[in-house]
Every structure is written in structure tokens, then in C-alpha cells.
Amino acid sequence: MVAAFFFYYNYKFHQYKFIDFDKLIFYTKNDIFKPQKKEYYLLIFSSHMSNLDDLIKKIPKDYPIIAVDIYQKRKNYKNVIYTTAGINTIIKLIQYLNIYEVPVVLKIKKYHKNVYKQDSPLEVLK
């Protein structure tokens with residue numbers, strides 16, 4: 001039983017990815033984003049394709065939302081940490097998380113300093 005638990009935990013631990021905010025730089029309207037909370041929802045979307053108001057309604061309100069706009073508009077948005085990044089950073093993030101369709105949301109949890117661990121599967125918002 002202990003061995004089964006160990007293998008299951010090891011499988012789950014390696015299945016989800018780590019996001020290092022020291023290596024992946026995201027920009028808010030005026031500054032570089034540095035995470036302050038223990039948990040977030042990470043939303044990757046395109047403001048050219050989706051309405052952020054509609055997407056936010058589909059995400060639980062229990063943690064702050066970091067919205068990464070791959071269309072790279074910089075906006076101030078109420079109750080959302082609206083971010084953009086350089087195209088190379090966006091490509092790295094999409095490839096690293098194996099994202100095939102946007103908009104997508106996932107929960108991340110603080111692991112160590114500015115390193116966060118994926119805490120939920122990717123969910124494509126329709």
C-alpha cells in the first residue's frame with residue numbers, strides 16, 4: 001500500500017509543471033509582475049479572440065487571476081492581474097505547458113520563492 005501511494009504521488013508530482021517567474025518574465029501595464037500570493041489561477045488567452053469578461057465568469061473566484069494575453073495588449077483590468085510577455089516567453093510557456101488551444105486556465109500554487117507548481121489540469125474554456 002505504501003509503495004502504491006509513493007508511486008502515485010511521484011507520478012502526480014512529475015505530471016504537473018513548475019513555472020519560475022524569475023525565468024519567465026511577465027509585464028503588467030507599468031511593471032514586471034512578481035507573484036505575492038500563495039495561489040493563483042493562470043489564464044492564457046488572446047484578447048483578439050476572446051472577451052476577458054466572459055472568461056472570468058467561468059473561473060472560480062477563490063484565488064487571484066493572472067491573465068496572460070498572447071495578443072500582447074497591456075491593460076488595467078479590475079480584479080485581474082493583466083499581463084503580457086515577449087513572444088519568446090509566450091512560446092516557451094505554451095510549449096512547456098503543452099497548450100494546444102486557448103483560452104486555457106490552470107491553478108498554480110507556490111512551491112519555493114518565485115517558483116510555482118501547476119496544481120490542476122489544463123482546462124480549455126469554451
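The values are calculated or read from the model by the stated rules, or taken from the named source; none is laboratory data. Given the structure is predicted, the values throughout are model-derived calculations rather than measurements. Virtual Cβ from ideal backbone geometry, glycine too; neighbours counted across all protein chains shown. Just the protein is used for accessible areas: all its heavy atoms, side chains included, with ligands, DNA and RNA removed. Shrake-Rupley method; radii C 1.70, N 1.55, O 1.52, S 1.80 Å.
With all protein chains in place and a 1.4 Å probe, the accessible surface of the chain carries 55 percent carbon and sulfur.
What is the extension gain from K34 to Q95, computed as 0.36 nm multiplied by their sequence separation minus the C-alpha to C-alpha distance, in nm to one decimal? Before the final figure, lay out each step's value.
Values: separation 61, 0.36 × 61 = 21.96 nm, distance 2.19 nm.
In short, 19.8 nm is gained.
Counting only alpha carbon atoms, the long axis of helix 87-96 and the longest principal axis of the chain meet at about 30°.
At 1.4 Å probe size, with every protein chain present, just tell me what the per residue accessible area of the chain comes to in Å².
Details: 8060 Å² over 126 residues.
Accessible area per residue, the chain: 64 Å².
Rounded to the nearest 500, what is the chain's calculated 222 nm mean residue ellipticity when only DSSP H runs of at least 4 contribute -39500 (n - 2.57) each, over all residues?
Details: 3 runs with 29 residues, N = 126.
Value at 222 nm, helices only: -6500 deg cm²/dmol.
Oblate is the label for the range 26-76. Its Cα gyration tensor axes, ordered a ≥ b ≥ c, give a/c of at least 1.5 and b/c at or above a/b. Calculate how steeply helix 2-15 sits against the longest principal axis of the alpha-carbon atoms of the chain, using the helix alpha-carbon long axis, and give the answer as 0 to 90 degrees to the nearest 10. That works out to roughly 20 degrees.
Note on log10 I(q)/I(0) by the Debye sum over Cα atoms at q = 0.11 Å⁻¹: of the candidates (i) -0.38; (ii) -0.78; (iii) -0.52, the value calculated from this structure sits at (i). Note on K126/D53: beta-carbon distance plugged into 1/(1 + (r/R0)^6) with R0 of 22 Å gives a FRET efficiency of 0.90. Length available on full extension from K73 to K61: 0.36 nm per residue minus the Cα-Cα distance, which gives 2.0 nm.
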